[in-house]
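Written below as structure tokens is the structure these notes are about.
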Amino acid sequence: MAGDQGLNRRSLLAAFVGGVAPLAFPAAAAAPGLVLNGRLEQGGYALGRTAPRAEVLVDGAPATQASADGWFVVGFDRDAPPSAEITVQTPDGSASHRVAIAPGTFDIQRIDGLPPSQVSPEDPALLARIAAEGARKAAGFSSRVDGDFFRTGFIWPVKATRRSSRFGGQRILNGEPKRPHYGVDLAAPVGTPVVAPAAGVVAFAETGLHFEGGLVLIDHGQGLISAYLHLSRVDVAAGQRLAQGQGIGAVGKEGRATGPHLCWRLKWRDRNLDPSLWVVDAGMRQ
């Protein structure tokens, strides 16, 4: 793409994580144009630029729509296949590119000493509570803000002492295999401020959830939603517009947690992504 459709330097910050240069693919079709870059790996993403309001398809299925400025995002799940075809369509034509998705490296995470109710709850009243909370969280994750707040990249949401758990590790809780851990755990003292890593709209904000304690969800546009778990304090409300760096709460150890930390998660529609891949300076001590 040429002219004002090119990717500007600020908007490409997320593609330079760890010194990796962006991958750009000019489309064969003249209209619409298509440029892709990002972290093309399991748990990663493609950041795209095309014609305003172009329809975006992934492997032939409708996925999202480009913003009014032509920006869009596609996420690759932790267990994504080795390639994906991204297509953009307008009344004037289409363009597509098949991207290779590199495999991720995931560890095994063993956590012992958790209360049984936090691993395999059985009490009917508790199960009903968990189901009701799950329905409210699902409504938050279904948010679809018309925007492209993600295009400038993310900052760390908390000044952590260390990254205590990586994205994607297989969880074994009290000796029982569970789902992979879809977050990045950032260790920090209780009360440490937590900020929005990018602009967006609050899609969910509650305290006292069984598994998460205090939980905030932020929609950064097109179904890219970040989550902040185990908060000791929530300072925002659903529907509130946030700027990058604006406070949303404080680190805690509420819910299923063995110590104070922020569990930071990111989803694109139904796909689990590694939020640390969006940070410009992703270096942090393990």
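Numbers for the structure displayed
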quantity	calculated
Cα-based reach from LYS267 at 17 Å (exclusive), listing aspartates and glutamates while leaving out same-chain residues under 8 positions away	GLU41, ASP77, ASP79, ASP146, ASP148, ASP185, GLU212, ASP219
Estimated distance in nm for a label pair at ILE172 and ARG98, the labels positioned 7 Å out from Cα along Cα-to-Cβ	3.8 nm
Gain on full stretching of the segment that runs from LYS159 to ALA238 - 0.36 nm per residue minus C-alpha separation	26.0 nm
Integer Hz, Karplus 6.51/-1.76/1.60 couplings in order for the stretch 200-207, x for Gly and Pro	x, 10, 5, 9, 6, 7, 9, 10
Placed amide H near VAL145: partners under 5 Å, 5+ positions off or other chain	GLY221, GLN222, GLY223
Residue-by-residue Karplus 3J(HN,Hα) for the stretch 98-104, coefficients 6.51, -1.76, 1.60, Hz, glycine and proline x	9, 9, 8, 10, 6, x, x
Built amide H within the under 5 Å cut-off of GLY104, gap 5+	GLN42
Rounded to whole Hz, the Karplus (6.51, -1.76, 1.60) HN-Hα couplings of the stretch 247-262, x for glycine and proline	x, 10, x, 9, 4, x, 9, 7, x, 7, 8, 9, x, x, 5, 10
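Each value in this text was obtained by applying a stated rule to the coordinates, not by laboratory testing. As the structure is a computational prediction, the values presented were derived from the model and not from experiment. Ideal geometry is used to build each Cβ from the backbone, glycine not excepted, and the neighbour counts take in all protein chains shown.
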